Each structure stands twice: as C-alpha cells, then as structure tokens.
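Each remark here refers to the structure printed beneath this line.
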Amino acid sequence: QKEVEQNSGPLSVPEGAIASLNCTYSDRVSQSFFWYRQYSGKSPELIMSIYSNGDKEDGRFTAQLNKASQYVSLLIRDSQPSDSATYLCAVNRDDKIIFGKGTRLHILP
Amino acid sequence: EAGVVQSPRYKIIEKKQPVAFWCNPISGHNTLYWYRQNLGQGPELLIRYENEEAVDDSQLPKDRFSAERLKGVDSTLKIQPAELGDSAVYLCASSGNLAGGAEQFFGPGTRLTVL
C-alpha cells in the first residue's frame, strides 16, 4: 500500500459545480495534512493545511480530515476554469512530507 | 516579500556531465528542502536542511548527488555524473518552522534534461 494515495483522474467537473478530491494515507501517526495545487509546468502552490479532525474552510475551498478513517479531502465550491490543475495531497509523517501522485482536475466551461 | 528563488530554470546536459542547481529560500526560513519531481508523480524529498545541518538525506543518492547549505541560507544541489534517469524537475522549498511538517513554499524549479 502506498503511503499517500490519490486517484490520478482526470476528474471532470462542470463549471459552477462542487469538485471533490480525495486522499487516503497509510500511517496513523501522521500529524498534518496539506493540499497543493500545481498548474502544468509550474511548481506546487499551497492552498490548504489541516491539522485536526473536521472541516476547515477558506473561501471556496474546504478541507476535511478524518483521522480514524485515514482520509483527507478537498472540496472546491463554484468550480472555475482556473481551478483546472493537478491537486497534490501531502501528509506529514515523522517530520517528513510525503506527497501523493496528484489528481488532475478539469473544469468544463 | 520575495519567494523562493531557483536557478537555472532549465538545463540541458549530456550524460556523464556535472550539473548544479542553486536555491535561495524565503528570508527568515530556516528549513530548506530539495525535491525531485518526475512527470505524473508527486515531489520526492531528496534532502532537508535545518539551518546548515542536513537532518534528512536518506533519499539522496549519495554516489552521485551532493548538497550544501554553508551559511544556513542559500543551498546548492549537485549531480556528478548525470545519468539519463536524472531528467526531472528539481524543486527547492522552504518553511519557517524548525520541523519537517510545516507549510512549505516552493520555488519555480529547475527542469533538467539529460541527453
């Protein structure tokens, strides 16, 4: 089992709809969790961090963490074409950040 | 505030040649990371520095890769000799906390092509 797993996609979502991105991790002692957005040919950009169970909202983005299920998700409301990118889930294990392969999101105009 | 700076942005070399990448982190950030990212993959950590000390270099291929951060600010990553499989994007990131799990900010990366 890989340490951080994401569906590679592509995930196609109509403009204005909610995009839901999921990530599972294998190590229960993981402490902090991050979502990065990466446009093609660009470097990753931090969009959300979450450290405790529950939801964390920032504008159109909501991160959800369930440590019992070892599951973290990112919801993007009112999806825009500019949200089309690869979304990387990252997990802190023993002070080391482990990245998933990313999910490609395509917002359909 | 300036972000993480990397140079060069692109590098094309022939196999067996040496290559070096340079990174200047965000001012005041004590922790610096070098990652390698292959196409369709997430970044993979090569080395993490806390100030000038390399605290995690377990993933660095030490037979050909070396890194330094002499004054706890700028850092250089070197490959000698380069192999075809080293073609990738090399990313530098920094964070402000003395922990590997803090929020990291990435530079633009160096795209290396080995022919």
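Probe radius 1.4 Å, ligands and nucleic acids left out: can you give me the accessible area buried at the B-A interface, summed over both chains, in Å² to the nearest hundred? The summed interface area works out to 1500 Å².
What is the calculated FRET efficiency for A:SER12 to A:LYS56, with r their C-beta to C-beta distance and R₀ = 30 Å, to the nearest 0.05? Could the numbers behind the result be given before it?
Values: r = 26 Å, r/R0 = 0.86.
Once rounded, the FRET efficiency stands at 0.70.
A Cβ-based charge dipole, computed about the Cα centre of chain B with Lys and Arg at +1 and Asp and Glu at -1, lands at about 460 debye.
Highest mobility in the GNM of chain B, judged by mean-square fluctuation with C-alpha springs under 10 Å and restricted to B:GLU50, B:GLU103, B:GLU68, is found for B:GLU103.
The mean of 1/r over all distinct Cα pairs in segment A:1-84, once inverted, gives the Kirkwood hydrodynamic radius of 13.6 Å.
Per residue of B:79-90, what is the mean number of Cβ atoms on other protein chains within 10 angstrom of that residue's Cβ? Intermediate results must be reported in sequence, preceding the final value.
Numbers: counts 0, 0, 0, 0, 0, 0, 0, 0, 0, 0, 3, 0.
Per residue, the number of nearby Cβ atoms from other chains is 0 on average.
Cross-link partners for A:LYS67 among the lysines, with Cα-Cα distance under 29 Å and sequence neighbours closer than 8 places in the same chain left out: A:LYS2, A:LYS56, A:LYS96, A:LYS101.
What is the average number of partner chain Cβ atoms found within 10 Å of a Cβ in B:40-46?
Working: counts 5, 5, 15, 10, 2, 4, 0.
Per-residue shielding by partner chains comes out at 6.
Summary of the geometry: segment A:1-58 and segment B:1-27, compared by the centres of their Cα atoms, lie 27 Å apart. For a paramagnetic label modelled on B:LYS78 (point 7 Å from Cα along Cα→Cβ), amide N atoms under 17 Å away belong, within segment B:20-38, to B:20-23.
Determine the percent antiparallel among the DSSP beta bridges restricted to chain B, to the nearest 5.
Numbers: 33 of 37 bridges.
Here the antiparallel bridges make up roughly 90 percent for chain B.
Listed by chain and number, the lysines whose alpha-carbon sits under 20 Å from that of B:LYS11, ignoring those within fewer than 8 places in the same chain, are A:LYS42, B:LYS78.
For chain A, the relative contact order works out to 38 percent when only alpha carbon pairs closer than 8 Å and six or more residues apart are counted.
Tell me, what % of the accessible area of chain A is carbon and sulfur with a 1.4 angstrom probe? Mind dumping the intermediate values first?
Values: 2400 of 5210 Å².
So the carbon and sulfur contribution to the accessible surface is 46 percent.
With the other protein chains left in place, how much accessible area per residue, in square angstrom, belongs to segment B:13-59 at a 1.4 angstrom probe? Mind dumping the intermediate values first?
On the way: 2300 Å² over 47 residues.
Value returned for segment B:13-59: 49 Å² of accessible area per residue.
Comparing B:LEU45, B:LEU70, B:LEU32 in a Gaussian network model of chain B where C-alpha atoms under 10 Å apart are linked, the largest mean-square fluctuation is found at B:LEU70. Spacing of the modelled spin labels on B:ARG9 and A:GLU3, each 7 Å from Cα toward Cβ, amounts to 3.2 nm.
The values are calculated or read from the model by the stated rules, or taken from the named source; none is laboratory data. Values in this document were obtained by computation on a predicted structure and should not be read as measured data. Here Cβ is always computed from backbone atoms with ideal geometry, including for glycine, and neighbour counts include all displayed protein chains. Just the protein is used for accessible areas: all its heavy atoms, side chains included, with ligands, DNA and RNA removed. Shrake-Rupley method; radii C 1.70, N 1.55, O 1.52, S 1.80 Å.
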